[in-house]
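Okay, so here's the structure we're looking at.
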């Protein structure tokens, strides 16, 4: 395996579906409170590396790379492919559930989410919302595009244009662009390479495009029912500790999305940064990792007699 900066972990592998392996981190004490960290597109578990390092002395950190992402397998989705994978939100939710069952994690968890990780995590939580005891929310969504927010043209290029989709897979445009423009801080070359390099090549970039094509905007889009259900359920978490970290220079998950979470989770501890972008844990990890640690320590899970 390649060496990645600030990523001193040993990924594990799990055959989440026949012939398809998911890479994941399982760091920290086996009896520690579980924190499930879910990345989005076009990142991978690398996004969470500073938080894993800051928590894993006490907390059990479970951090999957979604199928087609990071160090996980890259199956094709053509009708004739074997093994074949259906790159949908529901597939991601099912994969997460399979991983947690494989690890024997059937008790309470803290959900930490970013980007698509919000829809995956809150979609999974619909099965048993009581299991989610704490939330760490970073530049993400668990509801459809707010009415006041225009869908960004850079995403529409991949979602709705065949040429745009071809360019994304052929030249790895989305992951490379996010590594350059997803932060306000200028990332070191090796960090940019870690984010984007895992998606170089037509096969490796498949999921970065499929995630974009699965963005739900209209009633008939296949991910929309799950996202609408998650939106309805979101205010039900208002009685649980929640920590929100937000980079306000994110051109996708901007102030409109932050307002949605503030409204649904009015008691949340909010850290919003005018000088941070989409990858808020890159821009402000020095402040956020200790703050999240204090938040978790302050709100321990109740012990079961």
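The values are calculated or read from the model by the stated rules, or taken from the named source; none is laboratory data. Quantities reported herein were computed from a predicted structural model and do not represent experimental measurements. Neighbour counts are summed over all protein chains in view; Cβ atoms, including those assigned to glycine, are modelled from backbone coordinates with ideal geometry.
General remarks:
- Qualifying residue in region 97-105 (condition: buried (at least 22 other Cβ atoms within 10 Å of the Cβ) and in contact (Cβ under 8 Å) with a residue 24 or more places away in the chain): no
- Condition check for residue 40: surrounded by fewer than 17 Cβ atoms within 10 Å (Cβ to Cβ), at pLDDT 95 or above, part of a loop (DSSP other than H, G, I, E, B) and touching a helix residue (DSSP H, G or I) at 6+ places or on another chain (Cβ under 9 Å): no
- Selection count, region 198-225, where residues are in a helix (DSSP H, G or I) and either farther than 20 Å from residue 169 by Cβ or touching a helix residue (DSSP H, G or I) at 6+ places or on another chain (Cβ under 9 Å) (or both): 8
- The set of residues in region 181-201 that are surrounded by 14 or more Cβ atoms within 10 Å (Cβ to Cβ) and more than 14 Å from residue 43 (Cβ to Cβ) comprises 184, 185, 200.
- Elements of the type helices (runs of 4 or more DSSP H) sitting completely within region 68-176 and holding at least 1 residues that are modelled with pLDDT under 95: these cover 153-160, 162-171.
- The conditions of being out of contact with any strand residue (DSSP E or B) (no Cβ under 7 Å at 6 or more places or on another chain) and within 27 Å of residue 229 (Cβ to Cβ) are not met by residue 287.
- Filtered residues of region 226-249 (kept if in a helix (DSSP H, G or I) and touching a residue at least 60 places away in the same chain (Cβ under 8 Å)): 226, 227, 228, 229, 230, 231, 233, 234, 236, 237
- Residue check, residue 45 under 16 Å from residue 138 (Cα atoms) and out of contact with any helix residue (DSSP H, G or I) (no Cβ under 7 Å at 6 or more places or on another chain): yes
- Residue in region 32-52 that is closer than 28 Å to residue 178 by Cα and more than 16 Å from the chain's Cα centre (by Cα) present: no
- A single member of 235, 241 is surrounded by 20 or more Cβ atoms within 10 Å (Cβ to Cβ) and on the phi < 0 side of the Ramachandran plot, and it is 241.
- Among residues of region 160-183 that are at positive phi and without any contact (Cβ under 8 Å) to a residue 40 or more places away in the chain, those with a Cβ under 7 angstrom from a residue that is in a loop (DSSP other than H, G, I, E, B) and surrounded by fewer than 16 Cβ atoms within 10 Å (Cβ to Cβ), sequence gap 6+ or separate chain, pair up as 172/200.
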